[in-house]
Amino acid sequence: MYKIPRKDEVGEAVLEVLRNYKEVASQAILHSLVLDKLRKENQFFKISPERVRKVAADLEGVKIFVEKRKSSREAKKCFICGEKMVWVEGRSLLGESTKTGKRCPRCGFRIDRPGLEPRRYVFYLRQHVRN
Ligand SMILES: [Zn+2]
């Protein structure tokens, strides 16, 4: 028996957590703090760490910093919002078109080479909305 919280319920919990802590230094920590808040409303609420991150990414005023590390696999999905990333085309010195990295068409997140993966997320509020 469990219940899926609505997006606005999750968003409110994320903002509350970030107002209290200013900076949350991992997705796992944000998830556990948000889940604690949600479960005060309904003890059967269930949510994945990825969904907490995606809801946070859509909130005005929330900034997410991604620490990356090398990976042997090509990154396909945006580290922030989960959308499929597209190649960024560049020009070599000889004028040939080259693929220089990837970017997310939805949120604008970029990586300068494809062989990366997220190592750690840091979540915080933009200065102007802190109060
Ligand atoms: Zn994205």
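Each value in this text was obtained by applying a stated rule to the coordinates, not by laboratory testing. The structure presented is a predicted model; accordingly, all values stated were derived computationally and were not measured. Every residue, glycine as well, gets a Cβ built from its backbone with ideal geometry; the counts of neighbours run over all protein chains shown.
For Phe45, the residues whose amide H sits under 5 Å from its own are Lys3, ignoring neighbours fewer than 5 places away on the same chain, with H placed 1.01 Å from N. Relative protection proxy for 111-117, 86-92, from highest mean packing down: 111-117, 86-92 (other beta-carbon atoms within 10 angstrom). Size descriptor for the chain, Kirkwood hydrodynamic radius: 16.1 Å (Cα pairs only, one decimal).
Computed from the Cβ-Cβ distance with R0 of 22 Å, the FRET efficiency linking Val88 to Glu60 stands at 0.25.
Between Arg69 and Glu117, the distance separating the two model label sites (each 7 Å from Cα on the Cα→Cβ line) works out to 0.9 nm.
In terms of other Cβ atoms within 10 Å, Arg19, Arg51 run from fewest to most in the order Arg19, Arg51. As a proxy for reagent exposure, Leu38, Leu93 were ordered by neighbouring Cβ count within 10 angstrom, fewest first; the result is Leu93, Leu38. Given R0 = 30 Å, the distance between the Cβ atoms of Ser32 and Arg106 translates into a calculated FRET efficiency of 0.70. Put the Cα centre of region 57-74 next to the Cα centre of region 2-44 and the gap is 19 Å.
Cβ-to-Cβ counts within 10 Å put Met1, Met85 in ascending order as Met1, Met85, the fewest first.
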